[in-house]
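Presented below is the structure to which this report refers.
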Amino acid sequence: MQSKEFLIEIHKSAKEIVGDIGLDEAIQMHADYQMDNHTTICPFCSSVVSDDQLVYVTDSHGSWEDPSEAHNECPCCRVELSASCLEKPDFETWLKVTA
């Protein structure tokens, strides 16, 4: 069971983003957020980006001894995304994009 203060904070965050929403709906949204392990949001343009949408860019061609260097880019804004950029967003950010 979640603490009362935590549930109130979830409700407050959801109300600020979604508008008029009940506590039960806010708790359900937070449960959906907890279960969503696939939604990644680009921190630069706020677009939802899935792993199969990332653009793989080769920076240099490599050989057997010297592998090539490459990075992933957001398909929307074409900014380089590091592994830390592709971590699960916080609840408020997730809610802004998915609500």
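The values are calculated or read from the model by the stated rules, or taken from the named source; none is laboratory data. Computed from a predicted model, the values in this text were never measured in an experiment. So basically every Cβ, Gly included, is an ideal-geometry build from the backbone, and we count neighbours across all protein chains shown. Accessible surface is based on the protein model in full, side chains and every heavy atom, while ligands, DNA and RNA are left aside. Shrake-Rupley method; radii C 1.70, N 1.55, O 1.52, S 1.80 Å.
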>> Between a residue in the stretch 1-24 that is free of Cβ contacts under 8 Å to residues at least 12 places away in the same chain and any residue that is surrounded by 14 or more Cβ atoms within 10 Å (Cβ to Cβ) and part of a loop (DSSP other than H, G, I, E, B), which pairs come within a Cβ distance under 7 Å, given they are 6 or more apart or on different chains?
In response: Lys15/Ile21
>> Quick check on the stretch 60-82: of everything there that is open to solvent by 90 Å² or more (accessible area, probe 1.4 Å) and in contact with a strand residue (DSSP E or B) (Cβ under 9 Å, 6 or more places away or on another chain), which residue is modelled with the lowest pLDDT?
In response: Glu69
> What number of residues within the stretch 18-41 are in a helix (DSSP H, G or I) and within 30 Å of Val55 (Cβ to Cβ)?
Replying inline: 4
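Out of the residues in the stretch 1-15 that are of a type in the set (A, V, I, L, M) and over 15 Å from Trp94 (Cα atoms), state the one that is most open to solvent (accessible area, probe 1.4 Å).
Step one: list which residues in the stretch 1-15 are of a type in the set (A, V, I, L, M), which gives 1, 7-8, 10, 14.
Filter once more, so that each one left must be over 15 Å from Trp94 (Cα atoms): 1, 7-8.
Numbers: Met1: 219, Leu7: 29, Ile8: 98 Å².
Looking at residues that are of a type in the set (A, V, I, L, M) and over 15 Å from Trp94 (Cα atoms), I get Met1.
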> Which condition number does Phe44 fail, the rest of (1) open to solvent by less than 50 Å² (accessible area, probe 1.4 Å); (2) modelled with pLDDT of 90 or more; (3) not in a helix (DSSP H, G or I) being met?
Replying inline: (1)
> Which residue pairs have Cβ atoms closer than 9 Å, lie 6 or more positions apart in sequence or on different chains, and pair a first residue in the stretch 79-99 that is in contact (Cβ under 8 Å) with a residue 40 or more places away in the chain with a second residue that is aromatic (Phe, Trp, Tyr) and open to solvent by 80 Å² or more (accessible area, probe 1.4 Å)?
Replying inline: Cys85/Phe44
> Taking into account only those residues within the stretch 29-40 that are surrounded by 14 or more Cβ atoms within 10 Å (Cβ to Cβ) and either under 13 Å from Glu80 (Cα atoms) or modelled with pLDDT of 90 or more (or both), which is nearest to the chain's Cα centre (by Cα)?
Replying inline: Tyr33
> Which members of the stretch 16-28 meet the condition of being under 20 Å from the mean Cα position of the chain (by Cα) and open to solvent by 50 Å² or more (accessible area, probe 1.4 Å)?
Replying inline: Glu16, Ile17, Val18, Ile27, Gln28
